[in-house]
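See below for the structure under consideration.
The values are calculated or read from the model by the stated rules, or taken from the named source; none is laboratory data. Computed from a prediction, not measured in an experiment: that's the story for all the values here. Note that each Cβ is placed from the backbone with ideal geometry, even for glycine, and that neighbours are counted across all protein chains shown. Accessible surface areas use protein heavy atoms only, side chains included; no ligands, DNA or RNA. Shrake-Rupley method; radii C 1.70, N 1.55, O 1.52, S 1.80 Å.
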Amino acid sequence: MPILANDPNRRSWIEVQKNSDFPIQNIPFGVFLTRDDVITIGTRIGDKAIDLGALHQLGYFKDIPLTDDIFLQDTLNDFISDGKKTWRLVRNRIAEIFDKNNPQLRDHAEHRKAVLFDLEEIEMQLPVLIGDYTDFYSSKEHATNVGSMFRDPDNALLPNWLHIPVGYHGRSSTIIPSGHAIHRPVGQTLPAGSETPVFGPSKLVDFELEMAFITTDANHMGESIPVTEAEDYIFGMVLFNDWSARDIQKWEYVPLGPFLAKNFASSISPWIVTLDALEPYRTKGPEQSPQPLPYLQYEGPGSFDINLQVDLSPEGGEAKTITRSNFKYMYWTMAQQLAHHTVNGCKVNSGDMMGSGTISGPTPDSYGSMLELTWKGENPITLADGSERKFIQDGDTVTMKGYCDNGTTRIGFGQVRTKLLPPFSKEKKK
Ligand code: CA
C-alpha cells in the first residue's frame, strides 16, 4: 500500500508556516487534553491540533476498519496494536481530509469547530503507556568518548561493542513529556580521593541527546524478530532526553550498569513521528566493520537523516545552541537493535520504548552530552549571558529539537523541553 500521505506536492487548507515541523506530510500522533478536559488521541498540522476521536465520531474514517473508541483513549497503545497497515490507512485518510482541494471538512464550520484546537487550548500528554523501556548505547563516537575519558583512550571501545548493539533495561515510571520540570536527584557519590561515599545532591547532572522508537506488539515470547522485518514493528520516533547524574553513575555502575543515575527522569517530545513519515529521509548509516553476525546483517539504507540540536538557557536568560548532531551518526540501526533485543525470545509489546543511546557526531561541536562537550568539565561552555557551564545548573532549561529536510519537504519533531529544579524537599506543614 503506497504512503499517499507523504506526497510532497500536497498542501493543506490549514495554514502552515514555512519552517514548521508539522506540514501535512508529517501527520504525527499524540495524546492531548482538550479545553473541555477531555483526553483524546490527535494529530497536528501547522499550529492546529486535530482531535481524531471527534473526526472518527463524525464519520471521517468510516471506510477504515477501526473500533468506535480507538481514538477516545488516553494512550495510543491500542491504535499502535492495530498494526502498520492501519497506521498507513489512517495517515493517508488524514492527508485527504486536510488536502486544500477537499471541501468535506474544509467547508463544514460546525465539524471544524469540533475537531480543531489551537495549541494554547490543549495540554500534551505522554502518547503511550510505556510498559518497558530499553536504552541502547549505539553511537560509536559517544562510546569512544566515554571509554577514552573513563578507561583507556587506546582501547576506548570494549571488545563486544562492534558485535552487539549494547543496551540495558531502564525504567518507564519516570518518563515524562516535554514541559514538565524535574528535580536535581540526590544520592551516593564517591568524592575524588575518598574511599567512602557521601550522600547529597548530584553535582554533575547532565542531559543525553537521544531519540527513541516505539514498538507495536512484535512477537510471542520465545520468538525472535528477523532484522529484515523489524521495521514493520516500529510505529515511530520521538526526541528523548535521558537525564543522567554522572557522579552517581560513576560510583554505582560497576558491575551491573547504571541504576539511580538514570531512572530519576527521562523526557520525550510528545508527538510520535511515524516511520512512514520518515521514509523520504532514509539514509545509510556508518559502514559496519567487522561485519556483524548474520542475524544482524541488514541490506540497504537503515538509518534516517534527522538533524538534532540542544539549546541551553539559564533561568530567565537567552538560549544558546550548544550542540548540533544527527541521528544518521548512529552505528547500529533501529532494525538491528530490535532484532538483537528479541533474538533470545524476549517479548516486545505495543508502547515499548527503545532509546538510541546518546547521539554524538564526529566533531566536538556535535557531541550529545555535557560530559563530552566540556570533556568532564575541563572545557566549560560559555552561555549567552556570559556564565559558564560544566554541567546543568538549577534553573537551567534544556531544549532538544529535531527535523528532517531533503530539499523538497521538511518535517520535524517539535521539541522536548525540561527545566531542572533544585533537589526536592517536602515543605513542612505548620
Ligand atoms: Ca542513555
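Largest first and in whole Å, the equivalent-ellipsoid semi-axes of the stretch 208-298 read 28, 20, 16, each the square root of five times a Cα gyration tensor eigenvalue. In this label model, Leu162 and Trp375 are separated by 2.5 nm, measuring between points 7 Å along each Cα→Cβ vector. Computed from point charges on the beta carbon alone (+1 for Lys and Arg, -1 for Asp and Glu), the dipole magnitude for the stretch 4-124 about its Cα centre is near 680 Debye. At full extension, His180 and Ala114 could sit 21.0 nm farther apart than now, given 0.36 nm per residue minus the alpha carbon distance. Radius of gyration (Cα atoms) of the stretch 250-350, expressed as a multiple of 2.2 N^0.38 Å: 1.39. Taken over the stretch 133-421, the ratio of Cα radius of gyration to 2.2 N^0.38 Å equals 0.97.
Sorted largest first, the principal axis extents computed over the alpha-carbon atoms of the stretch 288-394 equal 52, 32, 24 Å.
Taking the centroid of alpha carbons for each part, the stretch 156-233 and the stretch 335-364 are 10 Å apart.
The Cα center of the stretch 235-308 and the Cα center of the stretch 73-111 differ in position by 29 Å. Taking the Cα of Phe259, stepping 7 Å toward and past its beta carbon, and measuring to each backbone N in the stretch 175-194: which are under 11 Å? Within reach of a label on Phe259, which here means backbone N under 11 Å from a point 7 Å along Cα→Cβ, the stretch 175-194 contributes 188.
Legend: distances between Cα atoms for Lys376/Lys419; Lys18/Lys113; Lys48/Lys426; Lys250/Lys347; pairs beyond 28 Å are Lys48/Lys426; Lys250/Lys347. How tilted is helix 84-97 with respect to the longest principal axis of the chain? Cα atoms for both, answer in degrees (0 to 90, nearest 10). Approximately 60 degrees, to the nearest 10. Packing-based ranking of 322-330, 295-303 yields 322-330, 295-303, ordered from highest to lowest mean Cβ neighbour count within 10 Å. The solvent-accessible area of Ser172, taken with every protein chain present and a 1.4 Å probe, is close to 30 Å². Relative to the longest principal axis of the chain, what angle (0 to 90°, nearest 10) does the C-alpha long axis of helix 140-150 take? The angle comes out near 20 degrees. Solvent exposure of Lys390, expressed as accessible area, is near 110 Å², computed with a probe of 1.4 Å over the protein chains only. D by Stokes-Einstein for the stretch 145-276, Kirkwood Rh over Cα pairs, 10 °C, 1.306 mPa s: 91 µm²/s. Along the axis of the charge dipole computed for the chain (Cβ charges of +1 for Lys and Arg, -1 for Asp and Glu, origin at the Cα centre), the listed residues Met370, Asn102, His341 are led at the positive end by Met370. Taking all protein chains together and rolling a 1.4 Å probe, Thr67 ends up with roughly 80 Å² accessible. One chain, two ends: Ala384 and Gln57. Fully extended at 0.36 nm per residue, the span grows by 112.8 nm beyond their Cα-Cα distance. With all projection directions averaged, the alpha carbon convex hull of the stretch 4-124 covers 7.1 nm². Surface composition of the stretch 168-283: carbon and sulfur make up 58 percent of the accessible area, probe 1.4 Å.
Computed with a 1.4 Å probe over protein heavy atoms only, the accessible surface of the stretch 1-50 comes to 44 Å² per residue. Evaluated at q = 0.13, 0.21, 0.26 Å⁻¹, a Debye calculation over the C-alpha positions of the stretch 55-97 (equal weights, vacuum) places log10 I(q)/I(0) at -0.25, -0.67, -1.03.
Computed from the C-alpha gyration tensor, the three semi-axes of the ellipsoid equivalent to the stretch 114-197 are 37, 21, 13 Å, from longest to shortest. Under unit Cβ charges (Lys, Arg +1; Asp, Glu -1), what dipole magnitude, rounded to 20 debye, does the chain have relative to its Cα centre? Magnitude of the dipole: close to 420 debye.
Enter the accessible area per residue of the stretch 133-421 (Å², integer; probe 1.4 Å; all protein chains in place). I get 41 Å² per residue for the stretch 133-421. Placing pseudo-labels 7 Å out from each Cα toward the beta carbon at Glu427 and Ala192 gives an inter-label distance of 3.9 nm.
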